[in-house]
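What follows draws every value from the coordinates through simple rules; no lab data is involved. This structure is a prediction, so every number in the text was calculated from the model and none was measured. A quick note on method: Cβ atoms are made from the backbone with ideal geometry, for glycine too, and the neighbour counts reach across all protein chains shown.
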Amino acid sequence: MKRQDFRFFHRLQVRWAEIDQQKIVFNGHYLTYVDVAMTNYWRALGLPYEAAMASLGGDLYVKKSTLEYHASARMDDQLDITLRLERLGRSSLNFVGGIFRGEDLLVRAEVVYVFADPHTQTSRPVPQPLRDILEAYEARRAVVRIECGAWSKLGPDASAIRGEVFIDEQRIPKDLEWDEADAQAVHAVAYNHLGQPLATGRLLSHAPGQARIGRMAVLRVLRGSHLGRDILHALMDCARRRGDHEVVLHAQRSAEGFYLRQGFAPRGEPFDEAGIPHIEMFARLS
């Protein structure tokens with residue numbers, strides 16, 4: 001088993017609370033590491049787990065978990081937890097994975113899930129849409145698509161995401177969230193293979209040759225899965241195709257690091273918008 005044999009990995013750093021008196025990780029924590037990685041595997045599939053399973057009419061239950069120990073992790077080690085779908089049965093999913101320190105395999109893991117009725121917990125066949133998503137991901141095909149278009153087409157899905165993120169989560173007043181600019185904007189919405197909307201953003205003309213991106217929102221359970229990056233790049237591509245040479249946005253200060261990693265730079269002094277600290281940022285378009 002080698003690190004490069006896996007498409008998916010989750011990275012973490014060993015903390016003091018996970019160390020025993022021998023200064024190595026407690027054996028039981030490795031199973032927790034795998035469980036956390038499994039949560040992020042579903043995120044990589046573009047599946048908000050609870051909503052996705054409700055749509056599929058079932059849920060997944062652990063049937064078996066095994067760990068095979070090869071070496072120990074220590075304090076401050078950076079670990080990569082890898083996973084792949086090894087076998088997709090009629091009602092079961094068999095995942096194998098490894099916990100690596102660099103290229104060294106520390107622990108081999110196997111987890112078997114059964115798809116079942118959540119009320120009776122009796123097994124059911126794995127639904128075909130879930131099969132398709134798993135097979136596409138493991139074959140390194142896209143599991144999320146982004147549509148760009150007008151509010152008349154994408155508005156219902158974009159507004160559902162924005163309502164959940166900005167109004168419900170961030171407590172932004174409704175009268176500040178909705179404005180007339182939506183009707184003139186180009187909107188982008190990311191969808192998974194179940195057709196569920198996951199993330200959104202919009203593009204406006206700010207000045208001649210200058211575009212403005214705003215209303216960037218990703219469902220909370222899917223943050224960290226690159227959806228925000230993909231929505232941002234899709235909108236920047238739209239701006240580039242129509243001839244804009246610069247794009248600006250008002251970034252929440254908590255997201256400033258994200259935009260810096262995407263090539264944006266701050267401009268001017270911080271300010272408050274809807275009671276939330278912001279800063280203007282910009283990027284040149286080639």
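What the table below lists for this structure:
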| read-out | value |
| --- | --- |
| Using alpha-carbon coordinates, inclination of helix 27-44 to the longest axis of the chain, degrees | 40 degrees |
| Helix-only mean residue ellipticity at 222 nm for the chain, each DSSP H run of n ≥ 4 adding -39500 (n - 2.57), per residue, nearest 500 | -7500 deg cm²/dmol |
| Residue 170-residue 136 pseudo-label distance in nm [points 7 Å out on the Cα-to-Cβ vector] | 2.9 nm |
| Theoretical FRET efficiency, 1/(1+(r/R0)^6), r = Cβ-Cβ of residue 5 and residue 274, R0 51 Å, to 0.05 | 0.65 |
| Mean separation of Cα contacts under 8 Å, 6 or more apart, over the residue count of the chain: relative contact order % | 13 percent |
| Label-to-label distance, nm, for residues given as residue 24 and residue 285 (7 Å Cα→Cβ offset) | 5.6 nm |
| Relative packing of peptides 1-13, 69-81 - highest average C-beta neighbours within 10 Å first | 69-81, 1-13 |
| Length added when fully stretched, residue 229-residue 178, from 0.36 nm per residue minus Cα-Cα | 16.0 nm |
| Neighbour-count order for 200, 120, 39, 82, fewest beta carbons within 10 angstrom listed first | 120, 39, 82, 200 |
| Dipole in debye (nearest 20) - the chain, about Cα centre, beta carbon charges: Lys, Arg +1; Asp, Glu -1 | 780 debye |
| Exposure proxy ranking, count of Cβ atoms within 10 Å, fewest first, for 95, 26 | 26, 95 |
| Kirkwood hydrodynamic radius over Cα pairs of the range 127-286, then Stokes diffusion coefficient at 4 °C and 1.567 mPa s, in µm²/s | 79 µm²/s |
| Folded to 0 to 90 degrees: helix 151-162 orientation relative to the chain principal axis, Cα | 60 degrees |
| Order of 61, 259 under a 10 Å beta carbon neighbour criterion, fewest first | 61, 259 |
| The range 144-284, relative contact order in percent, only Cα pairs under 8 angstrom and at least six apart counted | 20 percent |
| Gain in span if fully extended, residue 49 to residue 65, counting 0.36 nm per residue against the direct Cα distance | 3.8 nm |
| Inter-part distance where the range 212-233 and the range 126-159 are each reduced to a Cα centre, Å | 15 Å |
| Within a Gaussian network of the chain (alpha carbon springs, distance under 10 Å), most fluctuating of 27, 40, 192 | 27 |
| Dipole in debye (nearest 20) - the range 20-157, about Cα centre, beta carbon charges: Lys, Arg +1; Asp, Glu -1 | 340 debye |
| Top positive-direction residue, dipole computed over the chain with Cβ charges, set 278, 211, 243 | 243 |
| In degrees, nearest ten, helix 227-241 long axis to first principal axis of the chain (Cα) | 40 degrees |
| Mean Cα-pair separation over length for the range 25-184, i.e. relative contact order, pairs under 8 Å, 6 or more apart, % | 20 percent |
| Area projected by the alpha carbon convex hull of the chain, averaged over all directions, nm² | 18.0 nm² |
| Dipole-positive endmost among 161, 107, 196 within the chain (Cβ charges, Cα centre) | 107 |
| Within a Gaussian network of the chain (alpha carbon springs, distance under 10 Å), most fluctuating of 138, 164, 180 | 180 |
